[in-house]
Amino acid sequence: MTLLLQQALQFPGRLSALAPTGPEAILIRDWLWRPMYATALVTYVLVVGALLWAAFRRRSAPAEEGAPEGPKRRLGLGVGIATAVTTVVLFVFLVATMQVSRATTTGPGPNPIRIRVTGHQWWWEVEYRDARQDQWFTTANELHLPVGRPAELELVSPDVIHSFWAPNIHTKLDLIPGHENLMRFQADSAGVFRGQCAEFCGAQHGKMAFQVVAQPPDSFAAWESRQRQPAPEPADSLARRGRDVFMGGSCPLCHTVQGTGAGGRLGPDLTHLAGRRTIAAGTLPNTRGALAGWIVNPQGVKPGAKMPPNPLSPDDLQAILAYLETLK
Ligand code: HEC
Ligand SMILES: [Cu+2]
């Protein structure tokens with residue numbers, strides 16, 4: 001809890017079902033969240049009121065043997081009414097839940113943007129599979145969306161069950177090994193929202209966050225075309241040396257950098273790392289210092305994460321950092 005709080009303060013981005021950004025999230029807020037909250041509030045007031053009334057009312061004389069049945073019958077009637085009201089309320093919520101589920105899963109409008117989201121222990125792989133296959137690209141821990149266009153997410157997992165939860169856009173939906181779940185929604189207003197894995201998936205489950213970046217269509221298009229580019233050739237000699245250190249070390253076994261020989265798939269695609277807001281699934285800000293700390297000792301930041309420590313010499317580390325900063 002304190003960890004989540006700490007992260008939320010460090011990386012703003014709203015995580016709230018009360019600030020919906022699209023039709024699905026609005027339905028959920030207006031037809032489920034608010035009515036349930038109101039019902040719970042009224043119930044609370046009634047229960048506490050009854051409790052106070054019972055505590056402070058004047059005690060009647062102890063019932064004599066053979067006293068009239070009146071009060072007992074009144075009590076029975078009260079319990080009956082309360083049970084009936086509860087049943088009706090639960091039934092209404094059952095219907096509302098079914099209606100909202102149907103309305104929020106029937107599918108987006110025409111021409112949704114298709115994105116495959118893979119939950120890994122403990123980060124998110126995000127593949128844009130929108131246009132022709134040779135234009136597909138991959139990023140990590142950030143979901144960019146064009147405002148006003150429906151999106152369809154394919155949710156999958158190669159390891160354990162995760163849950164994709166970005167309350168500003170939709171409900172939770174699990175990522176299940178061997179099964180593909182579809183989530184459909186639309187973002188109607190621009191903004192950066194927070195998402196979080198919502199199904200315990202191992203030691204670093206709490207450090208498995210992501211950002212939803214809803215952008216106006218033209219700025220999304222600019223982002224998208226940049227993502228489709230391979231990594232640029234580093235301009236200065238330090239960055240070039242950094243690339244050699246990167247390619248000569250273990251990094252390419254697990255990381256892809258498009259346009260180079262690095263094609264590993266075990267960790268996030270780093271082709272446009274420098275354009276991302278955070279690293280290690282929302283755990284650290286994407287700054288030079290944080291990157292250095294992460295590369296040298298990921299286990300200190302996220303014990304158990306699937307990236308080994310890299311005892312690099314200070315010169316090699318500086319060179320790698322200079323190289324990673326060119327991956328815009
Ligand atoms: C055995 C596989 C493996 C090797 C080798 C490896 N990494 Fe990683 N790396 C990962 C995994 C897995 C993650 C994601 C960890 C997480 O967030 O839980 C990661 C995350 C990162 C990130 C953060 C990316 C992001 O968007 O969050 C950077 C930067 C990075 N690695 C750089 C390197 C560099 C530089 C090297 C070589 C010195 C290297 N890695 C070697 C597996 C590896
Ligand atoms: Cu998780």
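In segment 237-325, a dipole from Cβ-located charges (positive for Lys and Arg, negative for Asp and Glu) runs towards its positive end, and of Met247, Gly267, Gly289 it is Gly267 whose Cα lies farthest in that direction.
For the pair Thr106 and Cys254, label points projected 7 Å from Cα toward Cβ lie 4.6 nm apart.
If the elastic network links every pair of Cα atoms under 10 Å, which of Val47, Val156, Val213 fluctuates the most in the Gaussian network model of the chain? Between Val47, Val156, Val213, it is Val47 that shows the largest mean-square fluctuation.
With angles folded into 0 to 90 degrees, how steeply does helix 237-248 sit against the dominant principal axis of the chain? Use alpha carbons for both and round to 10. Taking Cα atoms only, the helix is inclined about 70 degrees.
The simple spin-label model puts a point 7 Å past each Cα toward its Cβ; for Asp174 and Trp33 those points are separated by 2.4 nm. With just the Cα atoms defining each centre, how far is segment 76-119 from segment 214-228? Give it in Å. Between the Cα centre of segment 76-119 and that of segment 214-228, the gap is 35 Å. Only protein atoms count toward the accessible area here, which uses a 1.4 Å probe; on the chain, the carbon and sulfur part of that area reaches 63 percent. Comparing Ala290, Ala235, Ala103 in a Gaussian network model of the chain, where Cα atoms under 10 Å apart are tied by springs, the biggest mean-square fluctuation is seen for Ala235. The residues neighbouring Val213, those whose beta-carbon lies less than 11 Å from its own, together hold a net charge of +2 under the Lys/Arg +1, Asp/Glu -1 convention. Under 1.5 on a/c is rounded, so check that first for segment 237-325, then, if it is not, pick prolate when a/b is larger than b/c and oblate when it is not; a ≥ b ≥ c are the square roots of the alpha carbon gyration tensor eigenvalues. In terms of gyration-tensor shape, rounded. Taking 0.36 nm per residue of separation and subtracting the Cα-Cα distance, full extension of the segment from Leu182 to Ser16 would add 57.6 nm. For the pair segment 251-265 / segment 145-166, the C-alpha centres are spaced 24 Å from each other. In the elastic network of the chain, a GNM with C-alpha springs shorter than 10 Å, the most mobile of Ile176, Ile295, Ile81 is Ile81.
Note on Ser313/Arg149: beta-carbon distance plugged into 1/(1 + (r/R0)^6) with R0 of 56 Å gives a FRET efficiency of 0.75.
Compared with the dominant principal axis of the Cα atoms in the chain, helix 314-325 is inclined by about 70°. Placing a label point 7 Å from the Cα of Glu325 along the Cα-to-Cβ direction, the residues of segment 249-277 with a backbone N closer than 19 Å are 270-277. Once the Cα atoms are used to define both axes, helix 70-105 deviates from the longest principal axis of the chain by about 30 degrees. Only helical runs count toward this figure. For the chain, summing -39,500 (n - 2.57) over DSSP H runs of n ≥ 4 and dividing by all residues gives -12000 deg cm²/dmol at 222 nm.
The values are calculated or read from the model by the stated rules, or taken from the named source; none is laboratory data. Keep in mind it's a predicted model, so treat the numbers as computed, not measured. In this analysis, Cβ positions are derived from the backbone assuming ideal geometry, glycine residues included, and neighbour counts consider all displayed protein chains. Protein only, heavy atoms only, side chains kept; ligands, DNA and RNA dropped before computing areas. Shrake-Rupley method; radii C 1.70, N 1.55, O 1.52, S 1.80 Å.
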